[in-house]
1. Tell me, what is the per residue accessible area of the stretch B:446-550 in Å², probe radius 1.4 Å?
2. Between residue A:285 and residue B:17, with labels modelled 7 Å along Cα→Cβ, what's the label distance in nm to one decimal, could you check?
3. What number comes out for accessible area per residue over the stretch A:3-297 if the probe is 1.4 Å? Units Å², please.
4. With a 1.4 Å probe, how much accessible area is buried between chains A and B, both sides summed, in Å² to the nearest hundred?
5. Return the whole-Å distance between the Cα centroid of the stretch B:541-576 and the Cα centroid of the stretch A:189-239.
6. Roughly how many Å² of residue A:167 are accessible to a 1.4 Å probe, to the nearest 10?
7. Once the other residues with Cβ under 11 Å from the Cβ of residue B:222 are scored (Lys, Arg +1; Asp, Glu -1), what is the net sum?
8. Distances over 30 Å make up what percent of all Cα-Cα pairs in the stretch A:3-297?
Amino acid sequence: MTNNTIETLQKNKDLYGSYESKEVITWCSGCGNYGIQNALKRAFTLENLDQKDVVLCYDIGCHGNGSDKIDAFTIHGLHGRVISLAAGVATANPKLNVIAHGGDGGTLSEGVNHLIHAIRSNYKVLFLHHNNSNYALTTGQPSSTTPLGQPMNSAPDGVYIDPLNPLDLVLSLNPGFVARTFSGDINHMTEMFRKGLNHNGFAFVEILQVCPTYSRTLTKEWYTERVRDLAENSDYDPTNLEQAKKVASEIEKEIGIGLIYHNPERKEFTDLLPNRQGVETAPVEEVKRMNIQNLLKEFE
Amino acid sequence: MKRNSIKLVGQSGSGLLSTGEILANALKNIGFYINTDREFPSLIKGGHSSFQVDFSTEPIRSSTSYADILIGMDEHGLKNYVDKTRKGGIVIHGFERHEKVMKLKKSVEERELKVAYLPAREIAESFGGNVLMTNMILLGLLWKILDFPLEPLEEEVKKRFASKPALLEIDLKCLHKAYESEDTPDLKIEVNKEKPETILINGNYAIGIGGIQAGVRTFYAYPMSPASSILSYLAATYHESGMLVKQAEDEITAVQMTMGAMYAGSRAFTATSGGGFDLMTESVSAAGIMECPLVVVIAQRPGPGTGLPTWTCQGDLNLAIHAGHGEYGKAVLACSDPYSAYEQIQHALNIAEKYQVPVILLSEKEIAESMQTVPRFKEDQIPIERGLTQGKDLEELKSTDRYAITDSGVSKRWIPGSTKTYFYSNSDEHWEDGVLTEEADKAGQMYEKRLKKMETMLSEFPDPIVYGEEDADISFVGWGSSKNVMLDVIEYLKSEGVKVNYLHYDYLWPLKTEKFVEFFDKNKRVCLIEGNHGGQLGQLLEDKTNKLFASKLLKFDGRAFFFDEVLEFIKANHDK
Ligand SMILES: Cc1ncc(C[n+]2csc(CCOP(=O)(O)OP(=O)(O)O)c2C)c(N)n1
């Protein structure tokens, strides 16, 4: 973190403080969610976002137990459905900053269709993908990102189906914004969240999240040894899709983190709507009785 | 009341629908009241369809099982529907080899039918037209038999085919040629002197217009018959309304987006049929605990499974009432015709916002896709009631106001962005500001608070309505489209000296029973009319009141109740 950002944080400590919650946190010690929560509050503060203009949406999972741990408008819905719920909020009021959280279970299994179509539709939502490589809240069943061979609750002899790589899927869908970050690096997460908040469209941020309780092999140390910040590589061009796909999938020795892919050309959902070009108001501001005389003519 | 009915039969995709619509609109423009009914299979081309137009000089809301005039647009239609023609009725067709259709010959003799025939294809081709234009010839011939002025029909044809001027010219030639036919069967139909101020519209479009009138700004849905044309209508009119219309990737998405939009402060709803609604039920339950306003329209078709996609029923009342796990406040409304569809969607939105509950509005294929003449929709009749805390009151809010325990079960609601006072909208059990709790005392109180809304709604909802005569010979109770056939029957039998009345439910859940008990006590023979096998509303009423129906008229074959079918039931039951 630069001196500059520390200064801004200090200057805006009241804003940071407004997001602080008195609720007792219920995560395991060492859980990646602590850092994610922190980084998010920092990002809000650094972006100078007023509490009233932020809506935090949570899926059901361990991350979802943080849904009442940041003081802001939050909505904690159903397992696997958070992206659609957030898209409803964002389409009704594009003036809000809508942030959605989902685990690897909810996002890649229960509700994977929502992910695909949200990327396609390009709703203005910052999506934080809490990838802790297991179903933590249901006590450690394998998810579709659990490594092959790993014994888990419900897979006593080890996982026997190949895992999938979320970014392979996401990058195949012509996304607008894709980043990867790591729950052990609050500064890096803060930067990625800030970038995502500034993206006009669906911003997918995969967080490699440690789960000390159920994902025992993928420890903080394991990740720390492997992650490499793409920002250190001056040749890396985040607008190059082929390069992005390579970085996303080649994770055997090193795992690239940072802004992986960015396509600023893609239009946000509201800007695609043929009948709402140039409309300045948000749908929520337009709710009032509408004249139907013209419409009735067809039926006279 | 003198009823007339014309049935067009032919292959799906052969222009039957547009011909039927032209006919219905032309009759309306002459001054008739109209009810239409379409029967068609779930496919795009081929297979058999019919389009029936029932019309009268007085309001008419139902179909008969037979037709006075049958228009056979092909051989198959003629063979299969000729026996649906009333004895002594008229068959119009253009099938050249009709001499070889033994079935037609036999039925014509047995049923003393009059036949009007023109070599339609030959005539169409003589003007450079094709097979589709034979429809115009049959219409022209029909018009001659009806002895109506050609102009209203011509106008409709022009309106419909305005975008294809070359074809229109041939169409009009066909129409004129057939209208000049001589020696056609005689028929005298009474015509209204003055044209009533009506519109001819179906229930789905009416729901769309009701939504627009009520300030719906976002609509999310996944296509499913017979609800799909709500989506396509709102899309077709979105330049005019400015509405954000999104075809979602599935029903779960549609309902979730609708909830998100309502939470954010838009007015939104979604529409589907039974199967799509099954997928939504987890979300309906979530809306219950989050106290998030939600409106879902179910345009019913017969299940189970894929069932009969293009047919009608009232089979999903129990589904709507019991949808979603857990117990919580929820309302179920129904509409009965296009006018009520226009109104009920507005009430549904108000109830959802005022009481902060999921509301299910039941429609039926029979209402959704059948055009009927109804009074022109009145504007500004139903105020928009949002139950939102706004303006200066926002400053006084505390987070705990959002789910505060109240006597009515209803707490304050406000939208994100409108104030700094945030709250947690939580589908986990929670306390007054939405913070998660598992404490017994708080969990119990909150569970009960949400259910208190049922009592509040029960006391504030309108009673069911009685139609028809006092001191009736026979009485009925029902909901949905049953009202249409009952109103027609009541009126008709009045002139025959038989007294019938009918208690109609528009608000089905929470279920009001006072008026029902009163109705039961006042009338000697109360029957149930319902479009399902279990008599679902009847069962609920019997269980709640211990009043048992004398008899039940139930139907579950995909068809709506026919006028004559109810008459027969009354004949068989009224003096028992
Ligand atoms: C419809 C439905 N199915 C199953 C569950 C049970 N459930 C709760 S959380 C969860 C999986 C959690 O895994 P993930 O999404 O990866 O989140 P994590 O807990 O690991 O953060 C499941 C299966 C549920 N709540 N709802």
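The values are calculated or read from the model by the stated rules, or taken from the named source; none is laboratory data. No experiment lies behind these values; they were computed from the predicted model shown. Neighbour counts run over all protein chains shown; Cβ positions are idealised from the backbone, glycine included. What goes into the accessible areas is simple: the full protein's heavy atoms, side chains included, and nothing from ligands, DNA or RNA. Shrake-Rupley method; radii C 1.70, N 1.55, O 1.52, S 1.80 Å.
1. Accessible surface, normalised per residue, equals 40 Å².
2. Taking the simple label geometry, residue A:285 and residue B:17 are separated by 3.9 nm.
3. 41
4. Roughly 5400 Å².
5. Spelled out, the Cα-based centre of one part sits 67 Å from the other.
6. 0
7. Charge balance near residue B:222 sits at -2.
8. Here the long-distance tail beyond 30 Å is 31 percent of all Cα pairs in the stretch A:3-297.
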